[in-house]
Each structure stands twice: as structure tokens, then as C-alpha cells.
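To start, the structure itself, in C-alpha cells.
A short reminder: the numbers here are calculations on the coordinates, not readings from a lab. In this text the structure is predicted, and so the values were computed from the model without any measurement. Here the Cβ is made from the backbone with ideal geometry for all residues, glycine too, and neighbour counts use every protein chain on show.
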Amino acid sequence: MKITDALRAEHIVFHNLFDHIEKGVPRLKNLHAVQAVTAVLEGVLEDHGTVENNLLLEPLETSLGQIGHLENFHEEHEVIDLALRNIKSCRSLKNGKTLLLRAVQLSRQHFDKEERVVFPLIEKQLKAKTLAALGARWAQQRDVSGTIE
Ligand SMILES: [Fe+2]
Ligand SMILES: [Fe+2]
């Protein structure tokens, strides 16, 4: 499996998660519940971001930097992290909900950009063999058992 297809599959799960969070936030009754949802989102986004950083961005940084499209890429991961961290220190339910929905919106924008710009660019830059080798490393890092081709 190509690394980009593996990451697209992860994105589908995230888009579902974002939908559920957006639907569920208005019903959250207290700040603790908002922060619990935030902690789950933070954990899964961190794992996904680490996989992207290790398998895509670090190896490709030079060529992507030259292309210039993606200079804000790391920054976008950090902006989302910061938005989520701010919720931890938030003291009002209303603000907590607003910040959580904002973090989801930022994440959606980032994911959309990866799907529209980054993944196609990577597929153009790298050979099929390299994309498959990175896909195999993804399966290892994600601890996917069995063979994925
Ligand atoms: Fe990302
Ligand atoms: Fe992503």
C-alpha cells in the first residue's frame, strides 16, 4: 500500500470523528466533558501527526521546502496542538466548546489541504517503490498485523 493511501484511510476515520465531535459538543454539560473529548482528539491527532512527520515530512523536507507550497506544514500541526492545549487551561464551558469546535475546524482545513495538495505532490515526487516502502513502514509503526500491499 502506498503511504499516501494509508494516510488517506486514516483521514477518513478522522473526518468521521470530527463529524461526531461537532454533533456532540452542543450536548456536553460541563467543562470536564469538553476536556475529556479534547484529550481523546489530542491523542489520536498526535499519533497521526507523528506518523506524518516521520514518514513524509522529514524525508521530504528538502524537496517540499524547495517547492515552497508547504512551508507552513509543521506550523499547522503546531497551531492545532496549541488550540487543543488552550482548552486544558480554559475555565468556562462556553469558551471550552468554542475552542474545541475551532480546533476541529482547523484540523479539517489542515486535512483537506493534505488531501488536495500534499499527498498528490508526494505522489508526484516519489517513485512508486518508495511510496510502497514508506507504506510498509507505516504498517510497522501502526503495528498493523498481516501483510498490506
Ligand atoms: Fe498533518
Ligand atoms: Fe494528515
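Quick look at the numbers
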quantity	calculated
FRET efficiency, 1/(1 + (r/R0)^6) with R0 30 Å, evaluated for Ala9 and Arg102 via beta carbons	0.70
Ranking of Ser92, Ser107 by count of other Cβ atoms within 10 Å, fewest first	Ser92, Ser107
MRE, 222 nm, helices only [DSSP H, n ≥ 4, -39500 (n - 2.57), over the chain, to nearest 500]	-25000 deg cm²/dmol
FRET efficiency for Leu82 and Glu123, using Cβ-Cβ distance with R0 set to 35 Å, rounded to 0.05	0.70
Kirkwood hydrodynamic radius of the chain, Cα pairs, Å	16.4
Cβ-derived FRET efficiency at R0 22 Å, Asn30 paired with Gln109, nearest 0.05	0.20
Relative contact order %, the chain, counting alpha carbon pairs below 8 Å whose residues are six or more apart	47
